[in-house]
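One structure below.
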Amino acid sequence: MPQKKIILDCDPGHDDAMAILLALGHPDIDVLAITTVVGNQTLDKVTHNAQAITEFAGGKQIPIAAGCPRPLIRNIQNAAEVHGISGLDGTHLPSPTQPLNKRHAVDLIIDTLKSHPPKTVTLVPTAGLTNIALAVRKAPEIVDLVKEVVLMGGGYHTGNRSAVAEFNIAIDPEAAHIVFNERWPLTMVGLDLTHQARPTDKIMADIAALNTPISQFVVDSLSYYTAGYRQRNGTNEHAPVHDPCAVAYVIDPTLITTQKAPVNIELQGALTTGMTVTDFRHPPASDCHTQVATRLDNARLWELFIDSLKRLPN
Ligand code: BDR
Ligand code: CA
């Protein structure tokens, strides 16, 4: 089977780092480019983190470009309470040595899509949608070039930034509005799905037992991430690991059940701005281009993840 080509647009971030490792380690995925956007931390920090994790995992040849340093309209909000001051607190990575790609992320996205046959490249955003929105405004023809958009963001029943809005959508709802309203096939891998994506103590022990520099990084990262989650939420559960779910869906769509439904973004709500309003009332129209992820095979997700870690060079 030919590899599936993806562009990963991210803001590492602990779970973005897991998404990068899954994508780099899985033999069915060809990562054409990694682009970064302000989100979990400032643009400089998430870009540094993307470079560091990619190099650490043997992806030196992959172009990495920095994108937008702030949302389209709103002020910057970050998630330091989740990912720490560096965006990857609790971990230790060697400093990256490779230069950034000279292009802006928006141009790298457009150029990459144009240099591959139409409908062969999947966009996988795991952060605010600022870069993707600007790319489609700058080059509207990419709508017909993209195979599909598989994004981590939103949620049809719950939020995390607010009661009803998820972080990636809440930080730049205008960008999300643009991206959800283009006519490309779009899969929303939202919180309803990603809250099912939790390791267990046994899974953490299996990762630690790999005993490689990469597995040590994963253990450090998820331990920090889960400790904060437990403290904030007063629970003993492991934290949901959101972003790799979008990559996992590209690798093997049978891991995740989806349902077609129209989704739109609330831009004006006093309490609901950034909500991904999903309309399940009727059977979807034949031209409905959006679907939402509903059910995850969590055991298989972690098998896939561990298998990918084993294949990484480090
Ligand atoms: C999303 O928000 C970010 O903090 C995570 O990296 C993930 O992409 C989850 O709501
Ligand atoms: Ca993210």
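The values are calculated or read from the model by the stated rules, or taken from the named source; none is laboratory data. What you are looking at is a predicted structure, and each value in this text was computed from that prediction instead of being measured. All Cβ positions, even for glycine, are placed from backbone atoms using ideal geometry, and neighbour counts span all protein chains on display. Please note that ligands, DNA and RNA were not included when accessible areas were found on the heavy atoms of the full protein model with its side chains. Shrake-Rupley method; radii C 1.70, N 1.55, O 1.52, S 1.80 Å.
In loop segments of the stretch 174-237 as defined by DSSP, the trypsin sites (Lys or Arg not before Pro) with at most 10 further C-beta atoms inside 10 Å of their C-beta are R183. Separation of the stretch 174-232 and the stretch 75-94 by C-alpha centroid, Å? If we compute the Cα centre of each part, the gap is 14 Å.
Expressed as a whole percent, the accessible surface of the chain that belongs to carbon and sulfur atoms is 53, based on a 1.4 Å probe.
Simple rule: put +1 on each Lys or Arg Cβ and -1 on each Asp or Glu Cβ in the chain, find the dipole, and look at V106, V189, A261; the Cα lying farthest toward the positive end is V106.
Computed on protein heavy atoms with a 1.4 Å probe, the accessible areas place I306, I85 in the order I85, I306, largest first. Springs join every pair of Cα atoms under 10 Å in this Gaussian network model of the chain, and among S115, S215, S162 the largest mean-square fluctuation is at S115.
In this Cβ point-charge picture (+1 for Lys and Arg, -1 for Asp and Glu), the chain has a dipole of about 280 debye about its Cα centre.
Only Cα sites of the stretch 1-88 enter the Debye sum here, all with the same form factor; the resulting log10 I(q)/I(0) across q = 0.20, 0.21, 0.26 1/Å is -0.86, -0.93, -1.27, listed in q order.
Protein heavy-atom accessible surface, 1.4 Å probe, per residue over the chain: 40 Å². If only the Cβ of Lys and Arg carry +1 and only the Cβ of Asp and Glu carry -1, the dipole of the stretch 158-286 around its Cα centre is close to 200 debye. For R70, the residues 5 or more places off, or on other chains, whose built amide H falls under 5 Å of its own are V38. Take every Cα pair under 8 Å whose residues are at least 6 apart in sequence, average their separation, divide by the length of the chain, and the relative contact order is 21 percent.
Over the chain, DSSP H runs of length four or greater, each weighted -39,500 (n - 2.57), average out per residue to a 222 nm ellipticity of -11500 deg cm²/dmol. Entry for the stretch 167-300 at q = 0.16, 0.18 Å⁻¹: log10 I(q)/I(0) = -0.95, -1.10, Debye formula applied to identical alpha-carbon scatterers, no solvent contribution.
Residue by residue, the stretch 164-169 carries 3J(HN,Hα) couplings of 10, 10, 8, 3, 4, 8 Hz when phi is fed to the Karplus relation 6.51 cos²θ - 1.76 cosθ + 1.60 (θ = phi - 60°); x denotes Gly or Pro. For the stretch 39-193, the Kirkwood radius over C-alpha pairs fed into Stokes-Einstein at 20 °C and 1.002 mPa s yields D = 131 µm² per second.
For the stretch 240-314, the alpha carbon positions stretch 47, 31, 18 Å along the principal axes, listed from largest to smallest. When you filter the trypsin sites (Lys or Arg not before Pro) in the stretch 71-179 for DSSP loop state and at most 14 other Cβ atoms inside 10 Å of their Cβ, you are left with K102, K119. Couplings 3J(HN,Hα) for the stretch 274-291, derived from phi with the Karplus relation 6.51 cos²θ - 1.76 cosθ + 1.60 (θ = phi - 60°), are x, 5, 8, 6, 10, 9, 9, 5, 10, x, x, 5, 5, 9, 5, 10, 10, 9 Hz, where x marks Gly and Pro.
Computed from backbone phi with θ = phi - 60° and the Karplus coefficients 6.51, -1.76 and 1.60, the 3J(HN,Hα) list for the stretch 139-151 is 9, x, 5, 5, 4, 7, 8, 5, 5, 6, 10, 10, 10 Hz; x is used for glycine and proline.
Take every pair of alpha-carbon atoms less than 8 Å apart whose residues are at least six positions apart; their mean separation over the length of the stretch 217-314 yields a relative contact order of 24 percent. Normalised by the number of residues in the stretch 155-226, the average gap of Cα pairs under 8 Å and 6 or more apart makes the relative contact order 25 percent.
Averaging 1/r across all pairs of distinct Cα atoms in the chain and inverting the result yields a Kirkwood radius of 19.1 Å. The Rg/Rh ratio for the stretch 1-45 is 1.03, where Rg is the radius of gyration of the alpha carbons and Rh is the Kirkwood radius.
Taking all Cα-Cα distances within the stretch 170-239, those exceeding 14 Å account for 71%.
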